[in-house]
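**Student:** Below you will find the structure I want to go over with you.
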Amino acid sequence: MRVIFLFIFLVSASSCQYFDTEKISAETFYDEEIKTLDLKQIDTYPIFQECEKAMGKEETRLCFENELTARIAQSLSRESLKAINSLQDTLWVNFTISEKAIITVNEVKTDSLIHLEFPKLQEKVAQKIDSITLRAPAYKRGIPVKTRFNLPIVIRTEE
């Protein structure tokens, strides 16, 4: 009987630290999560209505890029742009897609030759891209996020 009382006394006198779980504060959890999160990558690319059936990240990305390129090329082909000289150069468009799927052109960079041949091309490209509508923005872990893109547009003319 003494052995049982001694055993109960030792068990009750010993610390319960072996049975406690360590509690993590929300700030510590957030800091650890931020370290593992790659903010330069998104889980889902912005979606056009034509790309809603695309499955997988890579297929969605390709559909987004192809649809965006096709829409810009189509709208620029309607313009009557004529060059005096032959040129082949790249126009860079830096734009942002908001959490609400609104496209905003930040900057259009052109070479001086393109600017001389087509003085209003920068404005036209910015207007065309601003007028494009998306079905959904990009997502990161199920949360809509703001994304930035740099789009090269190759300008080729013949004499």
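**Student:** Remind me, what semi-axes does region 49-156 give for its equivalent ellipsoid, largest first in whole Å, using sqrt of 5 times each Cα gyration tensor eigenvalue?
**Tutor:** One finds semi-axes of 29, 14, 12 Å for region 49-156.
**Student:** Right, here's the next one. Could you check the spin-label model distance between GLU52 and ILE4? Points 7 Å from the Cα along Cα→Cβ, value in nm.
**Tutor:** Calculated label separation equals 7.2 nm.
**Student:** Pop the C-beta distance of ASN150 and ARG78 into the FRET formula with R0 = 22 Å and round what comes out to the nearest 0.05.
**Tutor:** That gives a FRET efficiency of 0.35.
**Student:** Counting other Cβ atoms within 10 Å, which GluC sites (Glu not before Pro) in region 93-150 have at most 16 and lie in a DSSP loop?
**Tutor:** GLU99
**Student:** Could I ask something else about it? Within a 10 angstrom radius of the beta carbon, how do VAL105, VAL93, VAL3 rank from fewest other beta carbons to most?
**Tutor:** Exposure proxy ranking, most exposed first: VAL3, VAL105, VAL93.
**Student:** Still on this structure, I have one more. So who's got an amide H within less than 5 Å of the one on ALA138, skipping anything under 5 residues away but keeping other chains? H placed 1.01 Å off N, in plane.
**Tutor:** Under 5 Å from the amide H of ALA138 lie the amide H atoms of VAL145, each far enough along the sequence or on another chain.
**Student:** Among LYS57, LYS100, rank each residue by its count of other Cβ atoms within 10 Å, from fewest to most, as a rough exposure measure.
**Tutor:** Result, fewest neighbours first: LYS100, LYS57.
Values in this text are rule-based calculations from the coordinates and carry no lab data. A quick note: this is a predicted structure, and the numbers were derived from the prediction, not measured. Virtual Cβ from ideal backbone geometry, glycine too; neighbours counted across all protein chains shown.
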